[in-house]
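Read the structure below first, then the notes.
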Amino acid sequence: MRVSGLFDYTAAFKSAVDQVKDEGRYRVFADLKRVRGQFPKAVRRREDGSEQDVIIWCSNDYLGMGQHPVVLEAMQAELDAVGAGAGGTRNISGTTRSAVDLEAELASWHQKEASLLFTSGYVANEATLTTLQRILPGLIIFSDSLNHASMIAGIRNGGCERHVFLHNDLTHLEELLAAAPADAPKLIAFESVYSMDGDIADLAGTIALAKKYNALTYLDEVHAVGLYGATGAGVAERDGVLDGIDIVECTLGKAIGVMGGYIAADAVIVDAVRSWASGFIFTTSLPPALTAGALASVRHLKTHPELRDAHQERAQTLKDRFAAAGIPVMPSESHIVPVFVGDPVHTKMISDMLLEEFGVYVQPINYPTVPKGTERLRFTPSPNHDDGMMDALVSAMDRLWTHCRIARMPVAA
C-alpha cells in the first residue's frame, strides 16, 4: 500500500471494497421511491434514469405504519405547529412535548415506570449496554450468540467480562451463570425474535435463570414490538412476563413505522442511563414530527389487534406457498420468512434477477449478517401484500429456482 515510500490511501480503500466484491457480498442500494398510501408498491429508478414499478418484500415497516394516515396526519400537524428540528440535544435545547408524551406512552405500554428515547435502536443498544458497565462495576454480561451487532458493540465497548452462550441454549447459559462469582453483578442480554432465522427465545426460562442467579435481564424486542401481545408490546407481553424483564429495548423504525429507539425500565435505571450515556447526552434529539408520528402509531397499534392477526396470517400463507412450490423456506416460528440459498453469489444473482425481471425487491442476506454458507433471501410480508402479489412472487421464485438450478425442498404429499 506504499508508493515511493508513502502510504497509498486510495489503494487501501479500493482493496477493502474489492475484498467484499470478491466474496460475493458487495451491496448495491436500490433507488426506491415509496408511493404514499400504496405500500408495498414503490418506483425504482435504474442507473440509466428509467423507472420500474416494484413490490417491496423485505421492509421492516412490518405493518405499513410508515404510510398510515393516522401517522402522516400527526407528523404533518406537528410540523405545522412546532417546525422541523428539535434544536439540539435535550440537555441544551429542552424536550419537545411530543417526546415527553411518547416516553410516557412507551413506559405504560411495557408496564414500566419510565422510558428513554434514542436516535435509533442501534444507538439505544450500544449506549445502554456500554453505560450499564460504567454504572455497575464488575458487571458480567451473558450474551446470546446471535445477538444483534448493536448489542455486541455495546457489550464490547464497555470492556467488562462477558460470556457468549449458545443461541437460545438455556443449559449452556446456566452453566456460565453457575460458574460466575455469586456476588458479582450480572446481566443476561438477549432478543425475543431473532430477525434472520425468525426463531423466538424462551423468555420465561431465561427470566427464571436470572432470578436464580440474581441477574438483570435485558431484552431486545425490536422485531417484536407492535407485532405480538394483546396491545402489541411484544413477546414479553404475549408470554405474560413483562414484570420479569428489567430493561426492554425497542425501535420506532420497524413496526411503528418511523425512526428512533428507546429503553423502558424502572425509573431509577432510566434516570441513571439518561445521566451517564454519551450516546444520549451528546446526540441531537429526534425531530418533533417523528416523535409525534411515533406516538400516534403506538396509540393506534395498541387498539388494533386485527393488524397483528392479518400480519401473522400473511406470513404463514407465504411460508405455505413457498413450501408447496418446493422453495426451501427455513423453519421460522415468527413473521420472518427466510429462504435458504447457501451461496453468496447465487443469493445476489437471484435477488438481482427478481428485481430486474419481475419487479420483486428483496435484498440478499450474506455474511457478516449471517454465517457463511447460510446465505438467504429474507421476506417480510405485511398485511398489505395481497394474494395476487404472493402468486407473482412464488411464480418468479419457482422459475428462478429452476433456471439457477438451486436445490429444492421435498414437497409434502
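The values are calculated or read from the model by the stated rules, or taken from the named source; none is laboratory data. Everything quoted here is computed from the prediction, not taken from an experiment. When we count neighbours, we look across all protein chains shown, and the Cβ atoms used for this are built from the backbone with ideal geometry, even at glycine. Side chains included, ligands, DNA and RNA excluded: accessible areas come from the protein's heavy atoms. Shrake-Rupley method; radii C 1.70, N 1.55, O 1.52, S 1.80 Å.
Residues in the range 23-39 that are open to solvent by less than 40 Å² (accessible area, probe 1.4 Å) and within 30 Å of LYS372 (Cα to Cα): GLY24, ALA30.
Just checking, which of PRO371, PRO338, PRO381 is in contact with a Lys or Arg (Cβ under 8 Å, 6 or more places away or on another chain) and either β-branched (Val, Ile, Thr) or assigned to a loop (DSSP other than H, G, I, E, B) (or both)? Spell out how you get there, then give the answer.
Working: PRO371 fails: in contact with a Lys or Arg (Cβ under 8 Å, 6 or more places away or on another chain); PRO338 fails: either β-branched (Val, Ile, Thr) or assigned to a loop (DSSP other than H, G, I, E, B) (or both).
None of the other options fit; the residue is PRO381.
Scanning the range 311-335 for residues that are part of a loop (DSSP other than H, G, I, E, B) and over 20 Å from SER192 (Cβ atoms) returns ALA325, GLY326, ILE327, PRO328.
Regarding the range 4-12, can at least one residue be identified that is touching a residue at least 12 places away in the same chain (Cβ under 8 Å) and out of contact with any Phe, Trp or Tyr (no Cβ under 6 Å at 6 or more places or on another chain)?
Within the range 4-12, not a single residue is touching a residue at least 12 places away in the same chain (Cβ under 8 Å) and out of contact with any Phe, Trp or Tyr (no Cβ under 6 Å at 6 or more places or on another chain).
Of GLY253, GLY226, GLY293, all but one fail to be touching a residue at least 12 places away in the same chain (Cβ under 8 Å), within 23 Å of PRO40 (Cα to Cα), open to solvent by 10 Å² or more (accessible area, probe 1.4 Å) and small (Gly, Ala, Ser); the exception is GLY253. LYS254 meets each of the listed conditions (1) assigned to a loop (DSSP other than H, G, I, E, B); (2) of a type in the set (Lys, Arg); (3) farther than 26 Å from ALA296 by Cα apart from (3).
One line per residue, one yes/no per condition, for (1) assigned to a helix (DSSP H, G or I); (2) free of Cβ contacts under 8 Å to residues at least 60 places away in the same chain; (3) buried (at least 17 other Cβ atoms within 10 Å of the Cβ):
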residue	(1), (2), (3)
ILE263	no, no, yes
ALA272	yes, no, yes
GLY279	yes, no, yes
THR284	no, no, no
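Of all residues in the range 118-141, those being among the hydrophobic types (A, V, I, L, M, F, W, C), surrounded by 22 or more Cβ atoms within 10 Å (Cβ to Cβ) and out of contact with any helix residue (DSSP H, G or I) (no Cβ under 6 Å at 6 or more places or on another chain) number 2.
Residue-by-condition table, conditions (1) at pLDDT 95 or above; (2) in contact with a His (Cβ under 8 Å, 6 or more places away or on another chain); (3) farther than 18 Å from PHE39 by Cβ; (4) open to solvent by less than 10 Å² (accessible area, probe 1.4 Å):
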{"site": "ILE336", "(1), (2), (3), (4)": "yes, yes, yes, yes"}
{"site": "GLY342", "(1), (2), (3), (4)": "no, no, yes, no"}
{"site": "VAL370", "(1), (2), (3), (4)": "no, no, yes, yes"}
{"site": "LEU377", "(1), (2), (3), (4)": "yes, no, yes, yes"}
{"site": "ASN384", "(1), (2), (3), (4)": "yes, no, no, no"}
{"site": "LEU393", "(1), (2), (3), (4)": "yes, no, no, yes"}
{"site": "THR402", "(1), (2), (3), (4)": "no, no, yes, no"}
{"site": "ARG405", "(1), (2), (3), (4)": "no, no, yes, no"}
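Can you name every residue in the range 115-138 that is of a type in the set (A, V, I, L, M) and touching a strand residue (DSSP E or B) at 6+ places or on another chain (Cβ under 7 Å)? Explain how you work it out, then say what you get.
So in the range 115-138, the residues of a type in the set (A, V, I, L, M) come out as 116-117, 123-124, 127, 129, 132, 135-136.
Selection gives LEU116, LEU117, VAL123, ALA124, ALA127, LEU129, LEU132.
When the range 98-117 is filtered for residues that are open to solvent by 30 Å² or more (accessible area, probe 1.4 Å) and either without any contact (Cβ under 8 Å) to a residue 24 or more places away in the chain or among the polar types (S, T, N, Q) (or both), the ones remaining, listed by number, are VAL100, ALA104, SER108, GLN111.
Within the range 352-368, the set of residues being in contact with a Cys (Cβ under 9 Å, 6 or more places away or on another chain) and open to solvent by less than 20 Å² (accessible area, probe 1.4 Å) comprises VAL362 only.
Read through the list (1) at positive phi; (2) at pLDDT below 95; (3) not hydroxyl-bearing (Ser, Thr, Tyr), then give the number of the only condition that ILE92 fails. Answer for ILE92: the failing condition is (1). Annotation: HIS346 fulfils all but one of (1) part of a helix (DSSP H, G or I); (2) surrounded by fewer than 23 Cβ atoms within 10 Å (Cβ to Cβ); (3) in contact with a His (Cβ under 9 Å, 6 or more places away or on another chain); the unmet one is (3).
The residue list ALA84, ALA42, ALA11, ALA77 contains one member that is farther than 27 Å from ALA396 by Cα and open to solvent by less than 50 Å² (accessible area, probe 1.4 Å), which is ALA11.
Mind listing whichever residues of the range 159-180 are in contact (Cβ under 8 Å) with a residue 12 or more places away in the chain and touching a strand residue (DSSP E or B) at 6+ places or on another chain (Cβ under 8 Å)?
Here is the first cut: in the range 159-180, the ones in contact (Cβ under 8 Å) with a residue 12 or more places away in the chain are 159-168, 170, 173-174, 176-178, 180.
Within the range 159-180, CYS160, GLU161, ARG162, HIS163, VAL164, PHE165, HIS167, ASN168, LEU173, LEU176, LEU177, ALA180 meet the criteria.
When the range 187-218 is filtered for residues that are more than 16 Å from VAL241 (Cα to Cα), touching a Leu at 6+ places or on another chain (Cβ under 7 Å) and open to solvent by 10 Å² or more (accessible area, probe 1.4 Å), only TYR213 remains.
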